[in-house]
Every structure is written in C-alpha cells, then in structure tokens.
Amino acid sequence: MLASIVKHNVNLLAAAFALTAVSYGLARFAFGLLLPQIRTELSLDIGTTGWIGSSAFVAYCIGVCITFALNRVCSPRALAFAAGLASTIGMVIITLSTSGVVLGVGVALAGLSTGLTSPPLATAVSLQFDDAHRPKANAIINAGTAAGIVFSGLASLIAFGGWRELYILFAAISCAVAVWVLYAVPTGHERTASEPISFAIFKRPGMLALCTGSFLMGLSSTAIWTFGGSLLRDEFNFTQTDIAWIWVALGLAGITGAMTGVFVQQFGLVRVHWISLAGMAAGMIGLSFTSVSVAFAFISVALFGASYITSSGAFLIQGIRLLPDRPDLGLGIPFLILAAGQSAGSPLFGALLTGWGVGIALPVFAGAALLSGCIRPWHSADNAFVAP
C-alpha cells in the first residue's frame, strides 16, 4: 500500500527531500563544517561565531512563524519556493561576506529558509497522503537533512578549503531545487489550515512536554552543529580534510533517520524518543575522548548524526499526532521550539567553551539531551498506530 502511494507521489517526495537537503544540510548545517576556514579568513573569535550561528536558528523561528501566518493565504508551493529563494540568496551573501556582520546576515537568511521549508511540506504531505502513511513520508523528507550533510562533506573534500566556491555551488543547487518545487509541490490548501492560530493550542494535553523536550534537544545539539568542526580543529588538531570526512560520516549515519517511522512502528515512540536522545548525549560525551583515539571522533559524530535525525523525526511524529487537525502546526511547533533551543544553545556553548573548556561544555550539553529524553507526552502521541 505504501509503495503504491509513494509511486504516485514520487516527484513530491523527491523535491521535498531535495529542498530539505538544501535548506537544512547546505544552507544551515554546512556552516559548522566550514566554520574553521571562515573564522580564519574573517578573523572571528569563538564568541562571535556563536552569535552568528545563533542568528540562523533565530531566523528559523521567524521563518516558521511566517509560514504559520501565511499558510491561510499562500499555497504550500509558494511557501516552499520562498524557502528555496531565501536559501539561495542567503548563501550568495555568505559567499560575498567580508566581515562578521555581512556573514551574519547571510547565515540568518539561509537559516530563514529552513523555517520556511518544513511547515508547507507537512501540509503538502497531508494533502497527498492518508493519516496512516504521513509519518513515514515526513520521516523520509526529514532525512534529506542527512543527505545534504553528506553532500557538503564530500564537496568540501573536493574544494580544498575554498569555502566561498562551495557556497556558490550550494547556491546554484538551491536555485535549481527552488524551480523544481514549482512543478512538484501541490498548490491546494488543506481545509483545516484555514483556521486561525490560537495560543489555546498549547494547552492541549502533551504540548507542554513536547515543547520542553524540543527546546532542550535543540539546545544540546548546537554543541556539534555549530561548534563540531571548530572543536575538532582547535581541541584535537584535526585537518579540514579530516573534518570533512567526519561530516560525511555524520550525514551517512543520519540517513537512518528515514527509518524513524518504521522504528516507531516496531518499537514504539517512547523507546525511539529515549534511545535517540541518549544516543545524542553519548555522541557528545564520546567526542571528548577523541584525544585517546581518533576513532572516537568518527563513532561519536556518526552516533550523534543518526540520533539527531531520528530524534527530530520522533518529535515531528509526536507533534502531528498531538495536533492531527493541524499537521502544519504539528510539525512546525516542535521544530520552532527546537530552533529556539538552538538559538539559546549556540552562544551558551560558546560561553561555556571559552570560560570552562570542552571538558565541561560537552557534558553539560549532553546532560540537556538526556533531560530532554525524560520529558515526553504521556498521551495519544505515544500510542497512536503507524501503518506499515
């Protein structure tokens, strides 16, 4: 049954996967991979880069709020195209940056694209897939992040340190994907999406736990997403080539996130939720042992990648189950709160790293991931059935 539904919507799934890969994997998370080179050329300190990294997550929150506001008047196709356009322009600005201020503008605009990406894609999936198959379709699209990370790592190996050239390439790909979504994403509106947003939605059972867990998960993740490359270079003397290979390992492991729907069906949402967040914590703790063996870097970052994509997929499924009448909000709210946590986490980790060192900063942020794993909705989001 799923195979038949996917066959009839393969262009939508492929375009949505590609847009996710571009906006998340290239426009947003490639910054952590290329940050060591950017810092050197623009003479940026770790505190400044923390705030610049935070701008992407703040812009993401703004982007999600924009989609909530415009979802009533704009089609999923229009919003998805806007995401591709923002990604393209943001990465062009990054390419042209000569100071931290200009870089921050480009990073923020690139981050805005991610906020514009997920809600309209969730609405598009809700239009084309039935209730039973939406979680798996959304999980497949969500795994596009990992594919983008793999591509950015491999491209970095070929570019030999040319981060500006890489961002030109990424911008060109983003432009092509933006055109693609004009032909692949439906123009229709979901009936329930026409209802205005009410803050009463946060009073629904399970929403407080969902938002708290999402915030802590997002906060903890910035230890790797924003500072992973810098930690490997500054703390453990890795070359940029080594960092690129580790980024590839992170992305390849993250592709397992496409199986989140299957994992939830087989093991239940509660177990997937806890194991994935424990895996993120273990990855962060393991990275601190890189001085013992370089194998710890590859294993730890790969574990983090697989766990992060799976965890974000689990939050996505939780949100959609808690808000079945508003799939755009069911996806958008947990991702919005997750990004709010990342906005706070990036400068906080930079401050901890500067003041206390990696030996304190990584365990503290790993603890935030573990705490997130202990907070989950004990309602229908745990028990709803996912069809094969």
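Laid out as a table, the results:
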{"read-out": "Computed Kirkwood radius, in angstrom, where 1/r is averaged over Cα pairs of region 23-75", "value": "12.7"}
{"read-out": "With eigenvalues of the C-alpha gyration tensor scaled by 5 and rooted, region 295-362, Å", "value": "30, 17, 6"}
{"read-out": "Size descriptor, Kirkwood hydrodynamic radius, that averages inverse alpha-carbon separations across region 26-122, Å", "value": "13.4"}
{"read-out": "Cα centroid separation, region 133-153 to region 232-247 (Å)", "value": "25"}
{"read-out": "Region 1-90: trypsin sites (Lys or Arg not before Pro) falling in loop per DSSP and having at most 16 other Cβ within 10 Å", "value": "72"}
{"read-out": "Rule-of-thumb Rg ratio for region 256-297 [Cα; 2.2 N^0.38 Å; N residues]", "value": "1.48"}
{"read-out": "Sum of -39500 (n - 2.57) over DSSP H runs of 4+, divided by residues of the chain (222 nm, nearest 500)", "value": "-25500 deg cm²/dmol"}
{"read-out": "Cα centre as origin, Lys/Arg/Asp/Glu Cβ charges: the chain dipole, Debye", "value": "580"}
{"read-out": "Gap separating the Cα centres of region 305-353 and region 27-95, nearest whole Å", "value": "16"}
{"read-out": "Stokes-Einstein D (µm²/s) once Rh is taken as the Kirkwood radius of the chain over alpha-carbon pairs, at 37 °C in 0.692 mPa s", "value": "163"}
{"read-out": "Column: log10 I(q)/I(0), Debye, Cα scatterers of region 66-112, q = 0.22 Å⁻¹", "value": "-0.70"}
{"read-out": "Kyte-Doolittle at least 0.5, axis length at least 20 Å by Cα - qualifying DSSP helices, the chain", "value": "46-70, 76-96, 100-128, 144-159, 163-184, 207-225, 240-254, 269-287, 295-322, 327-356, 358-373"}
{"read-out": "Span per principal axis, largest first, for the Cα atoms of region 326-379 (Å)", "value": "43, 22, 8"}
{"read-out": "Cα lying deepest toward the dipole's positive end in region 213-344, options 279, 259, 305, charges on Cβ", "value": "259"}
{"read-out": "Per-pair calculated FRET efficiency, R0 = 30 Å: residue 374 and residue 294 via Cβ, rounded to 0.05", "value": "0.40"}
{"read-out": "Computed accessible area, residue 179, all protein chains, 1.4 angstrom probe, square angstrom", "value": "70"}
{"read-out": "Accessible carbon and sulfur surface of the chain relative to its total accessible area, %, 1.4 Å", "value": "72"}
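The values are calculated or read from the model by the stated rules, or taken from the named source; none is laboratory data. Since we're looking at a predicted model, the values are computed, not measured. Here the Cβ is made from the backbone with ideal geometry for all residues, glycine too, and neighbour counts use every protein chain on show. Note: areas computed on protein heavy atoms with side chains; ligands, DNA, RNA excluded. Shrake-Rupley method; radii C 1.70, N 1.55, O 1.52, S 1.80 Å.
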